[in-house]
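Participant: Here it is, the structure in full.
The values are calculated or read from the model by the stated rules, or taken from the named source; none is laboratory data. Computed from a prediction, not measured in an experiment: that's the story for all the values here. A quick note on method: Cβ atoms are made from the backbone with ideal geometry, for glycine too, and the neighbour counts reach across all protein chains shown. The protein model used for the area step is the full one, side chains on, heavy atoms only, and it has no ligands, DNA or RNA in it. Shrake-Rupley method; radii C 1.70, N 1.55, O 1.52, S 1.80 Å.
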Number of protein chains: 4
Amino acid sequence: MHKYRFENDYSELCHPAVIEALGRMGTRQFAGYSQDVISQEAVALLRDIMEKPDAGVHFLSGGTQANLVGLGWMLSPIGAVVAADTGHINVYEAGAIEATGHKVCTVPHRLGKLDLGAMEKLLEYHQQEELVTPEVVFLSQSTELGTIYRKSELEGIRTFCDRWNLLLFIDGARIGAAVASDISDVQMADIAEVADAFFIGGTKNGALFGEALITVNPKLDKGFRSFSRQRGAMLAKGYAVGVQFRELFRDGLYFELARHANETARTLCDGIGKLGYRLWQERESNQVFPVLPNEVIAELQKLYGFYVWEKYDKDQSVVRLVTSWATPAEKVDNFLSDLPAA
Amino acid sequence: MHKYRFENDYSELCHPAVIEALGRMGTRQFAGYSQDVISQEAVALLRDIMEKPDAGVHFLSGGTQANLVGLGWMLSPIGAVVAADTGHINVYEAGAIEATGHKVCTVPHRLGKLDLGAMEKLLEYHQQEELVTPEVVFLSQSTELGTIYRKSELEGIRTFCDRWNLLLFIDGARIGAAVASDISDVQMADIAEVADAFFIGGTKNGALFGEALITVNPKLDKGFRSFSRQRGAMLAKGYAVGVQFRELFRDGLYFELARHANETARTLCDGIGKLGYRLWQERESNQVFPVLPNEVIAELQKLYGFYVWEKYDKDQSVVRLVTSWATPAEKVDNFLSDLPAA
Amino acid sequence: MHKYRFENDYSELCHPAVIEALGRMGTRQFAGYSQDVISQEAVALLRDIMEKPDAGVHFLSGGTQANLVGLGWMLSPIGAVVAADTGHINVYEAGAIEATGHKVCTVPHRLGKLDLGAMEKLLEYHQQEELVTPEVVFLSQSTELGTIYRKSELEGIRTFCDRWNLLLFIDGARIGAAVASDISDVQMADIAEVADAFFIGGTKNGALFGEALITVNPKLDKGFRSFSRQRGAMLAKGYAVGVQFRELFRDGLYFELARHANETARTLCDGIGKLGYRLWQERESNQVFPVLPNEVIAELQKLYGFYVWEKYDKDQSVVRLVTSWATPAEKVDNFLSDLPAA
Amino acid sequence: MHKYRFENDYSELCHPAVIEALGRMGTRQFAGYSQDVISQEAVALLRDIMEKPDAGVHFLSGGTQANLVGLGWMLSPIGAVVAADTGHINVYEAGAIEATGHKVCTVPHRLGKLDLGAMEKLLEYHQQEELVTPEVVFLSQSTELGTIYRKSELEGIRTFCDRWNLLLFIDGARIGAAVASDISDVQMADIAEVADAFFIGGTKNGALFGEALITVNPKLDKGFRSFSRQRGAMLAKGYAVGVQFRELFRDGLYFELARHANETARTLCDGIGKLGYRLWQERESNQVFPVLPNEVIAELQKLYGFYVWEKYDKDQSVVRLVTSWATPAEKVDNFLSDLPAA
C-alpha cells in the first residue's frame, strides 16, 4: 500500500458535492439521452461560460471516447488528423483513431505542443492524391506534458487551420488545469473561440465520470447525436453526467478544484527544486517532471505511486508526478521529506 | 409534466444504496482501469454467482457499447452476426455493429425470440464464399419484447451454435428481469453456461450506470482489454462501476430490484386485463404490451409517458409500458384509474 | 466438360476488337492513374453518350469494387443504403458495404426492383436518431433478376430521392443489357440524368475487365480519386481499361454486344416456352428463369453449366440461364434439343 | 511530349507475349473467380518456383489492393503493422491500411530497409494494453528506394518475427527486380520461406495488370477468398490474370524482363557516374537516385519524365529514374547525351 499515488488525477472518485448532487436526485424521473431538464441547465451553464449560446453540448463517458467520436465525425473518408507525436490519440488510445479508419499524421512536439513550422511542411507535402488528406488538427490543452498553450499560440494555430482549410479539435481532458493555471492567459471562451470542437474533461477534475463534448462549428451538429449512439457513446442516463457538470460549473467549483491541483503541483515542484534536482521541463499545470537518480527512484517507488517517464541518462530518469483536485498538502510534504537532497 | 413515465427502466438515477456506496469511497485512492481492489471484489462476486471462477469481467458504461465491443471482438473480418429482426443491434443502435464492419443477418422473430428453423435455413444458405459468414448468434435475455428464453430454449440454441460452429452472445441489458421472473427457470449460471460472452446490465436495474461484460470463453480474453480501450469503452475509473456491482450483488439487491419491476408490471398487466383490454402478447417480465384504442392512447399520453409500439388495426395500437426497480405501486394504481374500461 | 456454360456473362475473356486495341498499344508509354490521353478520349466518348459533359469518369477493375467505392464515398458515417432484398450488395458481395461501416436497409423486391411503397414506409420509420439514416438508394439496371426499370420508374425513384433527400446510385454491371433490350425505353443519358453516380460494366459485356464509375453529381468529385486509391481501386495502368472503353464505345460495339446477348436469351426463352415450360418471370434482358422438373435439371446439369436459383415446389425448381455477348446460336439450339418437352 | 518517361515501371502496357496469350483464349469459356484450369496451371507454376506446394495463390488487380487485403486479413482488431517510414503503405496509399482500422507503426529506414535495432525498441515499448499491438512486419522487396534485402537480412527479420510472435508480409510489387539483380542472393523460394504472405507483382514487370498474393502460412487460408470478395479484390475473370502469370513464369520470361530493367538501370547509373555526378545511394535494382544541380534538372524535365525525390542541398536535388522491362538502350543513351557533365 503506497503512502500516496501521484500516478494520475483520476485515482479519487469525485468531489463530495458531486455525490450530494447525485443523491438529491432520489427516484425522480428524467427523460433519457440528455433530453432532461437538468442536462439542459448544465448545457446552458457551459454555453454561458464559453460565450457560445448555440454550441452543441454532448455528455460522454470518457476521454478516448470523446476523441474518437469527435474526430471520427469531423473527418471525411480520406481525412487524416495532424497531431504532435506526444498526442494522446497517437500513443495511449490503442489505435482508437485508426480504428475509425483514419491516419494520425504526426509532427515532432515542442514541449508537448504542436510546432507550426513542422505542420507547414507536412501540409505542403500532403497536397497529392496518393497521400492522406489532413483535415483536422488535434491538440491537448493542457498537453500530455502538462504545458499550456498561450492565447497567442492558439490563435496562431487557428490562423494556420484557416489558411490550410483545417478544422481544430482540442482534447480538454485537463482543460481545467489549463485555464486555472497561474501562468495561463486562456479562458474557456478563448478555447471555444478557436476550436471547431473540443471537450471539457470531468473525469480528471472532480466529476465521478464524464466529459462534455462541445461542437462549436454548427456544421458538426446535424447527425452527431446519431453518430454518438452508433459508437456506443450516448448515455441512456445523460442526466447522470448533466447533473455533475451543473454542480461543477454552477459556482466555479470546477476551476477551484483545478487551481488546487495546480497549486499543489507548484509546492511539490518548488520543494523538489530546493532539494537540488533539476526539472526535465518547466511545470505549468498539475504535472511535474523532475529528473531523479535511478536509485532514488527505486526507493521512492516503495512509498509512492508514479510513472518513470523516460531515461534521462545512464544514472538518472525523468519521472512524472501528477497532483489532483484531492491531493492533500501533507502528502506533498511527506513526499518531500522522503526525497533525499541531491 | 407527466404523472409518471412508463417509457423505460432508466428514468430514475439509481438505488439509494448505490449512492451510499459511492459516497463511502470518499477521497480514497484507487488504481485505474478496473485494476483496483473493489472492482476485484465485484469480479469475484459475479464469478461466484455465475459459477465461472475464470470468467473475464469487464465494466463498461452502456449497452450499445457492450454489444459493439463484445461482437466487434468476437467476429473475424468476414464474420456476420445472426439476430432476430427485433434484436436491439438490428434496430436501435444506429448501425453500431455495421460500423464495426459486420453485417447483421436477421431471421423473423417469434415473440421476440430466435427461431431455430429460420436460423437453420439461413446457415444452410450461407455456405458460400460470396456471402457473409455467420460467426456469432445474438439474443437478448429478456428480449426486446419482454419475453424470456427458457433454459431448454437456451440449451437448444447452444446446441445449434455448436453444430454450426458459432459463438453465442447474450445482450443482458435486462438480464435481471429475466432471472427474477416468476415464469423463468433460468439463473445467471445457466446463462453463463450457454454463452461465450454476455453482459449483465446495471443501467436498467438500479445502478447509476454501467454494464458488466462477461467473457466466458477463454479464447476471448487475450487482447480484449486493449480492444476495449480502442473503442473508448474502458473507464479510467473502473472502480466507479465496480463498487456499484459489488453493492448490487453483495446481498442480492440486484435480483430484488428486478423482482420489484416484474411484480409491478404484473399488477399493471392484470389491471389492464381486468379493464377488458387484450394483450398483444403475454407479459413475462417488466414490459407490458396492451392493445388500446387510439383515442384512449391520446388521452393517456397527456398524463403518462410511454411509447406507441405499432399499429394494431385501424382503430387500435399496441403500446409499451415499462416498469422499473423504482416504480411505486401507487403510480400503477393511478394509471389503472385513468384508464377507462374497454 | 460442359457443352456450354449458361452460368454467367463473364465466362469468355473479351471481344477480339478489345484484344486488338490492347495489342496496338505496343510499348508506347502512358501516364499512370488514368491521366493518359487514351483514357481521356474514352472519358470524352462516355460523357458524350451520357450527355453529361462534366461527369467524372473513373476506371475500376470490378463490380463489387465499384459498388463499395461508390457507396462508401457517398455515405456519411451515420448513413445507410436502401436496396431491394435481392440487391447484389445485400447478398453476393460478402458484406462489402458493411465492411465500409454502413448498413444495407432492405425492402422486399418486386420482380427484382425497388418498391416505392415499401421504401416510403422505411423512410417514414427511419426518422429517429437511434436508427441508421438512409442516405443513398441503390438499384441495379438491369436487375439481378434480369428485369429492366422503365424510364418512368427511374424518374419516380428520382422524385422519391429528391423528396427524401437521398442520393441515387445505380449498379450498371449489366447496364448494356438494359439499354439494348427491345422492351427498354431507357438510354444511357436517361440513367445519367436520374443517378448521382452509377457504373457502366465492362466485365460482363465484352471488355477484358473493368468498369467505368460515373459521378454525375459534382459534389462527389472532390477527393474521390484519393478515396479510390485508398480502397485499392485505382489502377496504375488506368489506360489499360481506358483503351477498352474507347474501343467499346467508339462505334457502338458495346450496345451491339449487349443486343446479341439479349437476342440470344430471347431465342432461348421462346424455345423453352414452346417446349411447354413456364417462366418464373418474364424475360427482359439476357437472363432467363424457367421452371423445370428436378429430374430434368439433374440431366441438363451433366451437359450444361447453370445455377439452380430456388425451389419452386416439391418437384420443380427455378433455374437461371445467362447468355453473353459471345453465346453462339448453335449452343442455344443444342440446349433446346437436349431439353425434353414438358 | 517527352523523349522518354523514367517516372515508373508501369508506363508500358505489357510484353507482347502476354497479349498473344490473351488473344489465344478466344471465346473459350472459363469458370469464374480463378477456379478455371488456366489459373490452376499458373498456381502450380508459382508453387513450383516458390517450392511451396501448398501455398495459397490469389490473383488480384493491383499493389495497394494486395497490401490492404493481405494486411487487413492478417491483423486482429487490435493489431498494428510495423514498417519502415519509407514503406509504401505508410505514404503512398492514401491511408489504405488505416482505412482497414489498423495503425502503421514506423521505424526510421536504413537505405529503405527495416532496422532491427529500431524495431526492437518499438516492440519493447509496445508491451502495454494502452498501445496498439504490433502483429505484422511489412517490408518491400525490392524497397521503395530500389535497395534489396539480402538473404541473411531476411532471415534476421524472420528470426525477429518469431521471437516477438509477429507475422511477416512482403510487398513484392518489384520482387522481380529483387531476385533478378546481379547483387542479389535471394530467390523466390527464399522469400516464400521467410514470409507468411507476400505478393508477386505483375503490373510493374511485363503483365498487363495483376498481382499474385501468396499465403504461405496455412492459417491464413480459411476464409481468405471471402475476405478478398468483400474488399472488391476478387476478379470475376480470374483467368485473365492467371493466363498472364502462366505466360510470364512458364519459361522464365518474368525474370528475363526484370533483368533487362536492372541492366538498363545499371547502364544509366554508370553513365551518370562517369559524367561526374554522385549517387544519393548505391543502385541495386531498376531505380537510380542521382544528385543533380537544380538547373540541370529543370532542363532535363523538358525532355524526360521523372520525379524529383527530395532536396539535397541549396543547389542540388535527388531525382529518381526508373527503368522498366521495356526501356530501350537508346533512350538511356539519349538521356546520357542530354545530361551535361558535372
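Participant: Out of the DSSP beta bridges found with both residues in chain B, what percent are antiparallel (nearest 5)?
Facilitator: Around 55 percent antiparallel, to the nearest 5.
Participant: Check which residues have an amide H placed less than 5 Å from B:His109's amide H, if you skip close sequence neighbours.
Facilitator: Placed amide hydrogens put B:Asp85, B:Thr86 under 5 Å from B:His109.
Participant: Quick check: Cα centre of segment B:70-113 to Cα centre of segment C:142-181, how many Å?
Facilitator: 29
Participant: In a GNM of chain A with a 10 Å cut-off on Cα contacts, which of A:Gln128, A:Gln230, A:Gln40 has the highest mean-square fluctuation?
Facilitator: A:Gln128
Participant: Right, something else. Can you give me the accessible area per residue for segment D:124-166, using a 1.4 Å probe, in Å²?
Facilitator: I get 38 Å² per residue for segment D:124-166.
Participant: Add +1 for every Lys or Arg and -1 for every Asp or Glu among the other residues with Cβ under 10 Å from the Cβ of B:Gly201, and state the total.
Facilitator: Result for the neighbourhood of B:Gly201: -1.
Participant: Take the alpha-carbon centre of segment D:27-60, take the same for segment D:218-283, and report the distance between them in whole Å.
Facilitator: Answer, in whole Å: 17.
Participant: Roll a 1.4 angstrom probe over the protein heavy atoms and tell me the percent of accessible area of segment C:129-205 that is carbon or sulfur.
Facilitator: 45
Participant: Which whole number gives the average, over all residues in D:77-89, of C-beta atoms from other chains lying within 10 Å of the residue C-beta?
Facilitator: 3
Participant: Which residue, D:His109, D:His58, D:His88, has the most motion in a Gaussian network model of chain D that connects Cα atoms within less than 10 Å?
Facilitator: Checking each option, the largest mean-square fluctuation is seen for D:His109.
Participant: If you bin the C-alpha pair distances of segment C:190-336 every 5 Å from 0, what whole percents do you get?
Facilitator: Each 5 Å bin holds this share of Cα pairs: 2, 8, 14, 16, 14, 12, 11, 10, 8, 4, 1, 0.
Participant: Quick query: amide H of C:Trp309 versus all other amide H atoms, modeled in the peptide plane; which residues come in under 5 Å with a sequence gap of 5 or more or a different chain?
Facilitator: Placed amide hydrogens put C:Val318, C:Val319, C:Arg320 under 5 Å from C:Trp309.
Participant: To continue, here is another question. Amide H of B:Trp280 versus every other amide H placed in the peptide plane: which residues, excluding those fewer than 5 positions away on the same chain, fall under 5 Å?
Facilitator: Here the answer is B:Phe289, B:Val291, since their amide H atoms fall under 5 Å of that of B:Trp280.
Participant: Run the helix sum for the protein assembly as shown: -39,500 (n - 2.57) per DSSP H stretch of 4+ residues, divided by residue count, reported at 222 nm to the nearest 500 deg cm²/dmol.
Facilitator: Taken over the protein assembly as shown, the calculation gives -12000 deg cm²/dmol.
Participant: Now for a separate question. Based only on Cα atoms, what Rg/Rh ratio does the protein assembly as shown have, Rh being taken as Kirkwood's radius?
Facilitator: Ratio of gyration radius to Kirkwood radius: 0.98.
Participant: Looking at segment C:116-258, send over the antiparallel percent of its DSSP beta bridges, to the nearest 5.
Facilitator: 40
Participant: In peptide A:58-67, what is the residue-averaged number of other protein chain Cβ atoms found within 10 Å of each Cβ?
Facilitator: 4
Participant: Step through the residues of segment D:197-205 one at a time and calculate ³J(HN,Hα) from phi using the Karplus curve (6.51 cos²θ - 1.76 cosθ + 1.60, θ = phi - 60°), rounding each to whole Hz and writing x for Gly and Pro.
Facilitator: Each residue of segment D:197-205 in turn: 7, 7, 10, 9, x, x, 3, 9, 9 Hz.
Participant: Please build a GNM for chain D, connecting alpha carbons under 10 Å apart, and tell me which residue among D:Ile38, D:Ile89, D:Ile183 fluctuates the most.
Facilitator: Fluctuation is largest for D:Ile183.
Participant: Relative contact order of chain C: what whole-number percent is it, with Cα pairs under 8 angstrom and at least 6 residues apart?
Facilitator: 25
Participant: Summing +1 for each Lys or Arg and -1 for each Asp or Glu, what net charge is found among the other residues whose Cβ lies under 14 Å from the Cβ of C:Thr106?
Facilitator: -2
Participant: Label-point separation (nm) for B:Lys274 and B:Arg24, each offset 7 Å from Cα along Cα-to-Cβ?
Facilitator: In this crude spin-label approximation the distance works out to 4.1 nm.
Participant: Also, quick follow-up: For segment D:200-215, which residues drop by 30 square angstrom or more in accessible area between the chain on its own and all protein chains together (1.4 Å probe)?
Facilitator: Residues meeting the cut-off: D:Leu208, D:Phe209.
Participant: Where a Cα-Cα gap under 17 Å defines reach, which lysines qualify for B:Lys204, not counting those fewer than 8 residues away within the same chain?
Facilitator: Within reach: A:Lys237.
Participant: Any residues in segment C:29-50 that have 10 Å² or more less accessible area with all protein chains than in their chain alone, probe 1.4 Å, and which are they?
Facilitator: Residues meeting the cut-off: C:Gln29, C:Phe30, C:Ala31, C:Gly32, C:Tyr33.
Participant: Please list 3J(HN,Hα) in residue order for segment C:316-322, calculated via the Karplus relation 6.51 cos²θ - 1.76 cosθ + 1.60 where θ = phi - 60°; whole Hz, with x for glycine and proline.
Facilitator: Per residue, the Karplus-derived 3J(HN,Hα) values read 10, 9, 8, 10, 10, 10, 10 Hz.
Participant: Could I ask something else about it? What ³J(HN,Hα) values, in whole Hz, does the Karplus curve 6.51 cos²θ - 1.76 cosθ + 1.60 give for segment A:190-196 when θ = phi - 60°, with x put for Gly and Pro?
Facilitator: Taking θ as phi minus 60°, the curve returns 5, 5, 4, 6, 8, 8, 7 Hz for segment A:190-196.
Participant: With every protein chain kept in place and ligands, DNA and RNA left out, what is the accessible area per residue of segment D:216-259? Probe 1.4 Å, answer in Å².
Facilitator: Ligands and nucleic acids excluded, the figure is 34 Å² per residue.
Participant: Mean projection of the alpha-carbon convex hull of chain D over all orientations, in nm²?
Facilitator: Taking the Cα atoms of chain D, their convex hull projects to 17.9 nm² on average.
Participant: To continue, here is another question. Once neighbouring chains are kept in place and the probe is 1.4 Å, which whole percent of the accessible area of segment A:219-338 is contributed by carbon and sulfur?
Facilitator: 46
Participant: A further question follows. Out of all DSSP beta bridges with both ends in the protein assembly as shown, state the antiparallel percent to the nearest 5.
Facilitator: Around 55 percent of the beta bridges assigned by DSSP in the protein assembly as shown are antiparallel ones.
Participant: Which one of B:Ser152, B:Ile89, B:Gly172 is farthest out on the positive end of the charge dipole of segment B:81-175, using unit charges on Cβ (Lys, Arg +1; Asp, Glu -1) and the Cα centre as origin?
Facilitator: The listed residue farthest towards the positive side: B:Ser152.
Participant: In Å², nearest 100, what accessible area do chains C and D bury in total when the solvent probe is 1.4 Å?
Facilitator: Buried: approximately 3700 Å² between D and C.
Participant: What FRET efficiency comes out for B:Arg110 versus B:Glu193 if R0 is 30 angstrom and r is the Cβ-Cβ distance? Round to the nearest 0.05.
Facilitator: That gives a FRET efficiency of 0.85.
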